[in-house]
Structure formats: structure tokens, C-alpha cells
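Comments concern the structure below.
The values are calculated or read from the model by the stated rules, or taken from the named source; none is laboratory data. What you see is a predicted model, and the numbers here were worked out from it, not measured in a lab. Cβ coordinates were reconstructed from backbone atoms using ideal geometry, including for glycine residues, and neighbour counts include every protein chain displayed.
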Amino acid sequence: MAAPHKRLLLLHGPNLNLLGTREPAIYGTATLADHVSRATAAARSLGYEADSEQSNDLGALIGIVHQAGVRYAGIVLNAGAFTHFAWSLHDALKSVGLPVVEVHLSNPAAREPWRHESVIAPVAIGSIAGFGGESYVLGVQALVRYLESK
Ligand code: DQA
């Protein structure tokens, strides 16, 4: 098992378990497992391991973030719709202090106004949105570059 400093968490919020069949015109037809396998391969090629967790439950996600503090070097997070209002998730990320890269398959800034605010962005190193599954790969690459620059 890779040491925590060489291990990343890919964390996915609500409804992302439905990728593949969920609104394919927006999110495509690849499943979450497809995205995770590409992102994990990207991490491995850079010398990192990656684990993946998904939950539709805000409290469960917060619990996972708390645990992540001792297990991982950083988080690639697609918080789904929690992105836009879940200040408790914002606070959890801030409390743990791990580097976070926010990712989205779609580009929320180009969608409905309620998707334009992200409460994750202020506690993230940066955000990657609009590149479909490539957003996860780019998120992993950006996080590893950040970690290696420390
Ligand atoms: C999403 C964008 C969110 O606005 C939406 O609620 C999702 C998916 C994305 O990956 O594009 O569930 O995070």
C-alpha cells in the first residue's frame, strides 16, 4: 500500500453513481467506474495510488473527508450538487486542510444560475470543469503537480 503521501482520494458526491445513464447529453455515457479507472491510471503513471469513494449522503461525505486527513495526500473532489450549497462540506475540507482539486464533468458556469456558485472553490487549490471524464484526469495531474512542487 502506498504511503499516505503518495495516495490520492477521488471523492464523488450525489447522483454521480448514476453516470452512464444520467442525462447522457450533459454527462456522457461513461460510468463513474470508467472515469475512476482512467483517473487511477493517470495517478499510477505519476507514482501515486488512488482510492475512490462515492456517496449520496452529505454526512457520509463529511465523515470520509475527516478520515482522509490521515490517509491521503490530497483529494480530487466532484461534490455534485453539494458543490453549490453544502457549507458543511466546505467547513470539513477547511478543517482537514488537505489540498483539494475541484472537478466537474460539465461546466457549471455555463448552466443554470444556481450552479454558478461553488462553496468548494474557496477551499480548493483550483477547479477544473467542462472536460467530461478528462476533468478527473486533469484533476489528478494538477493535484500531483501541486504536491510534487511542495
Ligand atoms: C456536476 C455539476 C453539478 O452542478 C451537478 O449537480 C452534478 C454534476 C458535474 O460534474 O458536472 O451533479 O458536479
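Within segment 14-39, can you find the residues that are touching a helix residue (DSSP H, G or I) at 6+ places or on another chain (Cβ under 8 Å) and within 24 Å of Glu148 (Cβ to Cβ)?
Scanning segment 14-39 gives His35, Val36, Arg38, Ala39.
Got a sec? Which of Leu8, Leu19, Leu32 is over 14 Å from the mean Cα position of the chain (by Cα), modelled with pLDDT of 95 or more and either under 22 Å from Val70 (Cα atoms) or of a type in the set (A, V, I, L, M) (or both)? First the steps, then the outcome.
Values: Leu8 fails: over 14 Å from the mean Cα position of the chain (by Cα); Leu32 fails: over 14 Å from the mean Cα position of the chain (by Cα).
Exactly one of Leu8, Leu19, Leu32 is over 14 Å from the mean Cα position of the chain (by Cα), modelled with pLDDT of 95 or more and either under 22 Å from Val70 (Cα atoms) or of a type in the set (A, V, I, L, M) (or both), namely Leu19.
Return yes or no: is Arg71 basic (Lys, Arg) and within 25 Å of Ser45 (Cα to Cα)? Let's see the steps before the verdict.
Numbers: basic (Lys, Arg): yes; within 25 Å of Ser45 (Cα to Cα): yes.
Against the criterion (basic (Lys, Arg) and within 25 Å of Ser45 (Cα to Cα)), Arg71 qualifies.
Please tell me if Gly74 is in contact with a Pro (Cβ under 8 Å, 6 or more places away or on another chain), touching a residue at least 60 places away in the same chain (Cβ under 8 Å) and more than 9 Å from the ligand (Cβ to nearest atom).
Details: in contact with a Pro (Cβ under 8 Å, 6 or more places away or on another chain): yes; touching a residue at least 60 places away in the same chain (Cβ under 8 Å): yes; more than 9 Å from the ligand (Cβ to nearest atom): yes.
So Gly74 fits the description; yes.
For segment 44-61, give me each residue that is within 16 Å of the ligand (Cβ to nearest atom) and of a type outside the set (Gly, Ala, Ser).
Once the filter is applied, which keeps residues that are within 16 Å of the ligand (Cβ to nearest atom) and of a type outside the set (Gly, Ala, Ser), segment 44-61 yields Glu53, Gln54, Asn56, Asp57, Leu58, Leu61.
Starting from segment 1-23, take each residue that is more than 16 Å from Val137 (Cα to Cα) and assigned to a loop (DSSP other than H, G, I, E, B) and list its partners that are at pLDDT 95 or above and acidic (Asp, Glu), counting only C-beta distances under 9 angstrom and pairs at least six apart or across chains.
From segment 1-23, the pairs are Met1/Glu49; Ala2/Glu49; Pro14/Asp57; Leu19/Asp34; Gly20/Asp34.
Residue-wise test of (1) surrounded by fewer than 20 Cβ atoms within 10 Å (Cβ to Cβ); (2) out of contact with any Asp or Glu (no Cβ under 7 Å at 6 or more places or on another chain); (3) of a type in the set (Asp, Glu); (4) over 18 Å from His12 (Cβ atoms).
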{"residue": "Ala81", "(1), (2), (3), (4)": "yes, yes, no, no"}
{"residue": "Trp87", "(1), (2), (3), (4)": "yes, yes, no, yes"}
{"residue": "His90", "(1), (2), (3), (4)": "no, yes, no, no"}
{"residue": "Leu93", "(1), (2), (3), (4)": "no, yes, no, no"}
{"residue": "Val100", "(1), (2), (3), (4)": "no, yes, no, no"}
{"residue": "Val103", "(1), (2), (3), (4)": "no, yes, no, no"}
{"residue": "Pro113", "(1), (2), (3), (4)": "yes, yes, no, yes"}
{"residue": "His116", "(1), (2), (3), (4)": "yes, yes, no, yes"}
{"residue": "Pro122", "(1), (2), (3), (4)": "yes, yes, no, yes"}
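Got at least one residue in segment 62-70 being modelled with pLDDT under 95, at negative phi and more than 13 Å from the ligand (Cβ to nearest atom)?
Looking only at segment 62-70, we keep the residues that are modelled with pLDDT under 95, and these are 69-70.
Next cut, at negative phi only: 69-70.
Now drop any that are not more than 13 Å from the ligand (Cβ to nearest atom), which leaves 69-70.
There is at least one residue in segment 62-70 that is modelled with pLDDT under 95, at negative phi and more than 13 Å from the ligand (Cβ to nearest atom).
Please indicate, with yes or no, whether at least one residue in segment 89-97 is of a type in the set (Gly, Ala, Ser), modelled with pLDDT of 95 or more, touching a helix residue (DSSP H, G or I) at 6+ places or on another chain (Cβ under 6 Å) and within 16 Å of the ligand (Cβ to nearest atom).
No, segment 89-97 has no match at all.
I need the full set of residues from segment 24-41 which are crowded, with 19+ Cβ neighbours inside 10 Å and among the small types (Gly, Ala, Ser), in order please.
Across segment 24-41, the qualifying residue is only Ala39.
Does segment 114-130 hold any residues that are over 13 Å from the mean Cα position of the chain (by Cα), over 13 Å from Phe85 (Cβ atoms) and more than 10 Å from the ligand (Cβ to nearest atom), and which are they?
Pro122
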